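Have a look at the structure below, then the notes.
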Amino acid sequence: MDIINNELNKLDEILNSELSIENLSVSLDIKNFVLSKSKKIRASLIFLLTKALNLDCSLEIYNLACAVELLHNATLIHDDIIDNSDFRRGNLSLNKKLGNNLSVLSGDLILSIAMKKLAQCNNPEIINIFSNSLFNMCKGEINQYFTINQIPDYDKYLNKSKDKTAELFIASLYSLCKLKNINNSKEIINFASNFGIAFQIKDDLINILKTDTSKPCFSDIYNGIYTLPVIYLAQKIPIPQTKEDIIKELKNHPEVIEQTLLTIKKFTNNAINSISFIPENTYKSAIITLANNLYLS
């Protein structure tokens, strides 16, 4: 994103420095994974919101953004191990490159660096915020494991999406409020929650529409993870026994895709309405564009 290029470039420099670990044979592999091309959407929101509120991107803000990106990447490494994924961001996944054992340890190492960066924010409340969010994220993943091959209802799906994905957005932006003494923390948390849920629904939809060529199409269904389009399909017809037939019925009922898109739009609109208190400026417009892209792109 052009308007925060300087901030994102500086963040990459910090990440590169933190991950350049002497006498560690996998340091380069870890660094390449974390610094590989990605949108850095969580860090971008931290920078954009800071500047939209006419606040400065202090060292603590960079430490927060660094910690958030490290935490996110650690969870991706662990997810790829669990899902036995071959690729991530168009490249060979770390588990395929290093094996599961070294990948687990690499993810743990990244988590330890993230904890250090959170401590360097010099605000004990932030440690509590991230501790609670990480607990909820792990809870969401564990609950998903025990509901494999089960079609959840709408509310359970939303709760899982909040735990798995929205929690890190919430922790990121709530921590920003604590660092900068922002009074509108309730509105910002509401933005983060709605944005995060919309983000997860969009990611689930991408898996069905195959717009991400780095992942096999319908891998969620083949892994027994049933997301919102399947939930909507189950409201229309009896769900077939085989996963291949579920996929066939999804193709026969394009209206469930449109219904899913409308749900994304509902949550993105909720997110945008939550930041109405921010005066109109370039950075706020960029935040709104990010939210709208979840529905439009």
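The values are calculated or read from the model by the stated rules, or taken from the named source; none is laboratory data. Here the structure is a predicted model, which is why all the values come from computation and not from measurement. All Cβ positions, even for glycine, are placed from backbone atoms using ideal geometry, and neighbour counts span all protein chains on display.
Please pick out the residue among ILE30, ILE14, ILE3 that is more than 18 Å from LEU111 (Cα to Cα), touching a helix residue (DSSP H, G or I) at 6+ places or on another chain (Cβ under 7 Å) and outside any loop (DSSP other than H, G, I, E, B). Step through it out loud before you land on a result.
Working: ILE30 fails: more than 18 Å from LEU111 (Cα to Cα); ILE14 fails: more than 18 Å from LEU111 (Cα to Cα).
Being more than 18 Å from LEU111 (Cα to Cα), touching a helix residue (DSSP H, G or I) at 6+ places or on another chain (Cβ under 7 Å) and outside any loop (DSSP other than H, G, I, E, B) holds for just one of ILE30, ILE14, ILE3, which is ILE3.
Among the residues of segment 272-297, what is the count of those that are polar (S, T, N, Q), assigned to a loop (DSSP other than H, G, I, E, B) and either more than 18 Å from the chain's Cα centre (by Cα) or buried (at least 18 other Cβ atoms within 10 Å of the Cβ) (or both)?
To start, the set of residues in segment 272-297 that are polar (S, T, N, Q) comprises 273-274, 276, 281-282, 285, 289, 292-293, 297.
Now narrow it down to the ones that are assigned to a loop (DSSP other than H, G, I, E, B): 276, 281, 297.
If we keep only those that are either more than 18 Å from the chain's Cα centre (by Cα) or buried (at least 18 other Cβ atoms within 10 Å of the Cβ) (or both) too, we end up with 276, 281.
Here the count works out to 2.
Would you mind telling me which numbered condition in (1) basic (Lys, Arg); (2) surrounded by 15 or more Cβ atoms within 10 Å (Cβ to Cβ); (3) within 25 Å of ASN149 (Cβ to Cβ) LYS248 fails?
Unmet for LYS248, out of (1) basic (Lys, Arg); (2) surrounded by 15 or more Cβ atoms within 10 Å (Cβ to Cβ); (3) within 25 Å of ASN149 (Cβ to Cβ): (2).
Have a look at ASP245, ASP203, ASP220 and point out the one that is out of contact with any Leu (no Cβ under 8 Å at 6 or more places or on another chain), modelled with pLDDT of 95 or more and part of a helix (DSSP H, G or I). It would help to see each step written out before you state the result.
Working: ASP203 fails: modelled with pLDDT of 95 or more; ASP220 fails: modelled with pLDDT of 95 or more.
Criteria check complete, one pass: ASP245.
Checking the conditions here, which among ASN128, ASN123, ASN95 is over 18 Å from the mean Cα position of the chain (by Cα) and closer than 28 Å to SER219 by Cα?
Values: ASN128 fails: closer than 28 Å to SER219 by Cα; ASN123 fails: closer than 28 Å to SER219 by Cα.
Every option except ASN95 fails the conditions.
Name every residue in segment 95-140 that is crowded, with 21+ Cβ neighbours inside 10 Å and among the aromatic types (Phe, Trp, Tyr), in order of residue number.
Matches in segment 95-140: PHE130 only.
Among the residues of segment 33-66, how many are part of a helix (DSSP H, G or I) and more than 24 Å from LYS97 (Cα to Cα)?
Selection size over segment 33-66: 20.
Looking at segment 60-85, which of its residues are over 19 Å from LEU111 (Cβ atoms) and free of Cβ contacts under 8 Å to residues at least 40 places away in the same chain?
Hit for segment 60-85 is ASN84, nothing else.
Please tell me if ILE239 is buried (at least 20 other Cβ atoms within 10 Å of the Cβ), touching a residue at least 24 places away in the same chain (Cβ under 8 Å) and either of a type in the set (A, V, I, L, M, F, W, C) or in contact with a helix residue (DSSP H, G or I) (Cβ under 7 Å, 6 or more places away or on another chain) (or both). Steps first, answer last, please.
Numbers: buried (at least 20 other Cβ atoms within 10 Å of the Cβ): no; touching a residue at least 24 places away in the same chain (Cβ under 8 Å): yes; either of a type in the set (A, V, I, L, M, F, W, C) or in contact with a helix residue (DSSP H, G or I) (Cβ under 7 Å, 6 or more places away or on another chain) (or both): yes.
For ILE239, the condition - buried (at least 20 other Cβ atoms within 10 Å of the Cβ), touching a residue at least 24 places away in the same chain (Cβ under 8 Å) and either of a type in the set (A, V, I, L, M, F, W, C) or in contact with a helix residue (DSSP H, G or I) (Cβ under 7 Å, 6 or more places away or on another chain) (or both) - is not met.
For CYS66, state whether it is of a type in the set (A, V, I, L, M, F, W, C), surrounded by fewer than 20 Cβ atoms within 10 Å (Cβ to Cβ) and assigned by TED's automatic domain parsing to the domain that holds LYS97.
No, not satisfied.
For LYS210, state whether it is more than 20 Å from the chain's Cα centre (by Cα), more than 20 Å from TYR154 (Cβ to Cβ), not polar (S, T, N, Q) and not assigned by TED's automatic domain parsing to the domain that holds LYS37. Even if it seems obvious, please write down each step before you answer.
Details: more than 20 Å from the chain's Cα centre (by Cα): no; more than 20 Å from TYR154 (Cβ to Cβ): yes; not polar (S, T, N, Q): yes; not assigned by TED's automatic domain parsing to the domain that holds LYS37: yes.
Criteria not met by LYS210.
Which count do you get for residues in segment 223-242 that are closer than 29 Å to LEU76 by Cα and either in contact with a Pro (Cβ under 8 Å, 6 or more places away or on another chain) or outside any loop (DSSP other than H, G, I, E, B) (or both)?
The initial filter retains those residues of segment 223-242 that are closer than 29 Å to LEU76 by Cα, namely 223-233, 242.
Filter again for either in contact with a Pro (Cβ under 8 Å, 6 or more places away or on another chain) or outside any loop (DSSP other than H, G, I, E, B) (or both), leaving 226, 228-233.
Number of matching residues: 7.
With the structure loaded, tell me whether ILE208 is in contact with a Pro (Cβ under 6 Å, 6 or more places away or on another chain) and either over 22 Å from ASN273 (Cβ atoms) or charged (D, E, K, R) (or both) or whether it fails that test.
Values: in contact with a Pro (Cβ under 6 Å, 6 or more places away or on another chain): yes; either over 22 Å from ASN273 (Cβ atoms) or charged (D, E, K, R) (or both): yes.
In short, yes.
What's the number of the only condition in (1) farther than 15 Å from LEU71 by Cα; (2) touching a Cys at 6+ places or on another chain (Cβ under 7 Å) that LEU102 fails to meet?
(2)
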